[in-house]
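Just so you know, all these numbers are worked out from the coordinates, no wet-lab data involved. From a predicted model like this one, the values you see are computed outputs, not experimental measurements. Positions of Cβ are generated from backbone atoms using ideal geometry, with glycine treated the same way; all protein chains shown enter the neighbour counts.
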Amino acid sequence: MIRLQQINLMRGGKRLLEEASFVIHQGQKIGLTGANGCGKSTLFALIRGEISADAGDVGIPKNLRIAHMAQEVLALDRPAVEYVLDGDVELRRIQQAIADAEVRHDDNALAIQHAALESHNGYSAKSRAEQLLHGLGFSQDQMQSNVRSFSGGWRVRLNLAQTLMCPSDLLLLDEPTNHLDMDAIIWLEGWLKQYPGMLLLISHDRDFLDGVVDQIAHIERQALTTYRGNYTAFERTRAERLALQQSSYEKQQKQKAHLDDFIRRFRAKATKAKQAQSRLKALDRLEEIAPAHVDSPFTFTLPEPERFFDPLLLIRKGEMGYAGAPILKNVSLGLHPGSCIGLLGQNGAGKSTLMKTLADQLPLLAGDRVEGEHLKIGYFAQHQLESLDLDATPVLHIQRLTKTAREQEIRDFLGGFGFHGDKALEVVKGFSGGEQARLALAIVAWQKPNLLLLDEPTNHLDLEMRHALTMALQGYTGAMVLISHDRNLLRNTTDELYLVSDGKMEPFDDDLDAYATWLSQQRRGVSLRDTSDQVTADSGAGSSARDRKEQKRLEAALRAKLRPFRQRVEKLEQALEQCHASLVELEQSLHDPSLYTDDGREQLKTLLARQMLLKQQSQQLEDEWMEACEALEMAESQVS
């Protein structure tokens, strides 16, 4: 258990926390939230022992193992998998002791260290490191590549994998989903759910917080307040509290009226049943939590496009990619006013290539592109921040676009994006990543596009700005195509989903939960059909009856050989699902307030003991499932 009592924290003359108290119990997973600069990262530094409190008591067990992400990765000539293994310092110590004993030919010391290695689960360490890298999107070849060869974003993933590799009692994660795609985020969410220690998490991804944490610690006005439940529960509780404050009532009513109007309009045009139901549920939830953001520093609307033509853009049988290297084929897409499309697909499948082609930054390799009259595209690229002039101010960026615009008009517009007062006249060079991202969005919005193309617009944005962007996109009347790893943004702003995979773009007539299942299936390995196709290709099966008979024999042999491995994986999956369901049901029971009274004390002890047992059982089942999946993958590679 970690206990902070009556803590005062100051940095650079600014008071961050005043008489703040905070307790983390074994097994708790806590989301740490609050505005940028409120002291979240400073609190992490306090817990790590890097700084001292200005007042108060910090109670941290002496032998507590703390793991946290480093902020930088050195450009090392060291394989990625070895870099990840370096996260387990005790493993490296034992391995070095074994090497030293071998040099000395000390059989007694060698036996002792090999026993220590087995006790530390050292023999499976490399396999576990590879599983972490695979989950975070690294291919088998990349695992052997030198750290020096990876870009900044992939080095961040390496740091995360190294942190997860480190045995720990407390895990401190500060924005771990930065630079991750949705596939890796969903994998990380599942990993953290099974983490047995204490977790303190800073994240601007509300769906990720909802899926991982069971408590929120919110920093506001130098106070730290804890809320039971996930981030959505925190928003609702805070909304109820703020609703009691008369000063916020009028603003809440205006926001509620806007949402009521939008939901009414959406219900009238909803067509795809499953997606429509998911969207309406999300909007209903958004209506409930909207008051929790009435004091947000960000509020803006996207300007009404000046002119429309229907359709805005048509692509017929398009082939997209680069000269001599097509990535997508036979793409047909019509974009009309009011279209709200989300693109799904694994990293590298071609989503950004499709977006660049829609933006006319890449020419079609084949097919037809038909632009409607008055088409005006607003394109936010994945690396949009690089296009900013670091020596210019936000006001100057807008003035360059519209030389006739009045400065006060520009400053009023920029205020909605958080650039108030003198901030609008500061040069971009000194801005944080979040401030630069807000300015880049403001520049796109100012141009009043009727087709909005957004490729990962939430990178660097905090929770409040993401909420403001969600609200603004809901009221946008033009067409929109969105790529985002932020599931909350996708769920609340898109009406249609398309899956980009295997060189194609096809409608995805299901919701994001189903997409997460699809990703999980993709991650588990090649399907039987795919493996059978490989057998067919390798055997050179032709049209003769003999070849077809041989093909069927090979497929039957393949199925027979793989069946025990698949059955083992499926059996463990079913057991894991049952264990997770029991754990969810039990944790719902723990929300009962009566358990925390004197009369409920014994029942609480029983439930907590059961919870610990289920968590241990879940961890054991997951370890067995990972081993079974590895065995299946090895069997598939041997027969393919």
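Exposure proxy for Glu18, Glu464: other Cβ atoms within 10 Å of each Cβ, ordered fewest to most, give Glu18, Glu464. Here the simple spin-label model places points 7 Å from the Cα toward Cβ, and for Gln522 and Arg104 these points are separated by 5.2 nm.
For a modelled paramagnetic label at Gln6, 7 Å from Cα along Cα-to-Cβ, the residues of the stretch 19-37 in reach, with backbone nitrogen under 13 Å, are 19-21.
Taking 0.36 nm per residue of sequence separation and removing the Cα-Cα distance, the Glu386/Lys429 pair yields an extension gain of 14.3 nm.
Both the radius of gyration and Dmax for the stretch 390-447 are 10.1, 29 Å, in that order, over alpha-carbon atoms.
Run the numbers for Gln620 and Ser151: contour at 0.36 nm per residue of separation, minus the present Cα-Cα distance, in nm.
The Gln620-Ser151 span can extend by a further 165.3 nm.
Working from label points 7 Å from Cα in the Cα-to-Cβ sense, the Gln574 to Ala115 distance is 4.2 nm. Between the stretch 1-77 and the stretch 339-367, what is the C-alpha centre distance in whole Å? The stretch 1-77 and the stretch 339-367 have Cα centres separated by 42 Å.
From the mean inverse distance of alpha carbon pairs (Kirkwood) and the Cα radius of gyration, derive Rg over Rh for the stretch 96-210.
1.07
For the stretch 41-116, what is the convex hull volume of the alpha-carbon atoms per residue, in Å³?
On the way: hull volume 10.6 nm³, N = 76.
Each residue corresponds to 139 Å³ of Cα convex hull volume.
Exposure proxy for His179, His467: other Cβ atoms within 10 Å of each Cβ, ordered fewest to most, give His179, His467.
Given a Förster distance of 60 angstrom, what is the FRET efficiency for Leu76 paired with His374, based on the Cβ-Cβ distance and rounded to 0.05? Mind dumping the intermediate values first?
Working: r = 53 Å, r/R0 = 0.88.
Step by step, r from the Cβ atoms, then E = 0.70.
If one computes the Cα centroid of the stretch 415-463 and of the stretch 483-497, what distance in Å separates the two points? The stretch 415-463 and the stretch 483-497 have Cα centres spaced 20 Å from each other. Arranged from fewest to most other beta-carbon atoms within 10 Å of their beta carbon, Tyr231, Tyr195 become Tyr195, Tyr231.
Multiply the residue gap between Gln96 and Glu496 by 0.36 nm, knock off their C-alpha separation, and tell me the result in nm, one decimal place. If you can, show how the numbers build up before the last one.
Values: separation 400, 0.36 × 400 = 144.00 nm, distance 5.52 nm.
Here the segment from Gln96 to Glu496 would lengthen by 138.5 nm.
Normalised by the number of residues in the stretch 390-447, the mean separation of alpha-carbon contacts (under 8 Å, six or more apart) gives a relative contact order of 46 percent.
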